[in-house]
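The values are calculated or read from the model by the stated rules, or taken from the named source; none is laboratory data. Just so it is clear, the model here is predicted, and its values are computed rather than measured. We place every Cβ from the backbone using ideal geometry, glycine too, and count neighbours over all the protein chains shown. For accessibility, only protein heavy atoms count, side chains too; no ligands or nucleic acids. Shrake-Rupley method; radii C 1.70, N 1.55, O 1.52, S 1.80 Å.
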Amino acid sequence: MRRETQNILLVLLGGALLKISFSGLYLRYVQKGLLPLLIAAGTIMIGLALFAIVRDIRRGKAVSDDEHGHSHSSRSTWLMLLPVLAVFLISPPALGGDVVSSAADTNQTQRSRNLLGDLPSGDVIPLSMTEFVTRTAWDESGTLDGRRVKLTGFLTRADGDTFVARLAISCCAADARPLKVKLAGDVPSLPNEQWVEVTGQVVPKSASEKNSWVPSFTVESSTPVQEPAEPYES
């Protein structure tokens, strides 16, 4: 591969990393805590490319691998541009209902019997899907029973039932695990993938090993909302 090609690829790949970092699109791929590493990687790649370009200009020519007796084809190298072009031109969406529907198991929480602590006071308690599902599966004291809770997620349907769902990640979208809650009561008649805030109460003892720890939730009210800037829970 020629030196000019190497430099172009480094600039494009580094530019793609910086673009998704500063635009917030990186949250569709990795956790928020990895932002400094993405910025550092993109900056280093562009810096290396610029250093090589300046050095070649000062030498008066670009040294190619062919001059050292190599004759490798660079066709496969240009395939590296495909994901870069996708980032610049397409902006892929975050993972959604298709992952929830295709998952062999649902509500893959970090199952442990650690003390979960008391819930805060208030008429309506906003909870993450992770905490809500974990409490319904493992909190035998029933701290959620009779409490009004607000959940945020997207709608998905299967076998005539409606669920509010969310994806949680440990590092990046590749390890996403689905979390979902079965809706009852005033179920919203919105399309699949629509993000909503639902307020209501858990159906006590509705989550069990038999139903893959999916609790039921009696909806009192629902509001359509925009997809959050951070679509995944950690």
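Results, tabulated for the structure shown:
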read-out	value
Residue list for the range 122-161, restricted to those being open to solvent by 40 Å² or more (accessible area, probe 1.4 Å) and part of a helix (DSSP H, G or I)	GLU131, TRP138
Subset of the range 162-183 (residues that are loosely packed, with under 15 Cβ neighbours inside 10 Å and either touching a residue at least 60 places away in the same chain (Cβ under 8 Å) or within 28 Å of ASP123 (Cα to Cα) (or both))	SER170, CYS171, CYS172
The range 184-229 - residue that is among the acidic types (Asp, Glu) and part of a loop (DSSP other than H, G, I, E, B) and, of those, farthest from ASP123 (Cα to Cα)	GLU209
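Residue by residue, here is whether (1) modelled with pLDDT under 95; (2) basic (Lys, Arg); (3) on the phi > 0 side of the Ramachandran plot; (4) not assigned by the TED database to the domain that holds LEU27 holds:
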{"residue": "THR130", "(1), (2), (3), (4)": "yes, no, no, yes"}
{"residue": "GLY142", "(1), (2), (3), (4)": "yes, no, yes, yes"}
{"residue": "GLY146", "(1), (2), (3), (4)": "yes, no, yes, yes"}
{"residue": "LYS150", "(1), (2), (3), (4)": "no, yes, no, yes"}
{"residue": "GLY160", "(1), (2), (3), (4)": "yes, no, yes, yes"}
{"residue": "ILE169", "(1), (2), (3), (4)": "yes, no, no, yes"}
{"residue": "GLN194", "(1), (2), (3), (4)": "no, no, no, yes"}
{"residue": "THR199", "(1), (2), (3), (4)": "no, no, no, yes"}
{"residue": "VAL202", "(1), (2), (3), (4)": "no, no, no, yes"}
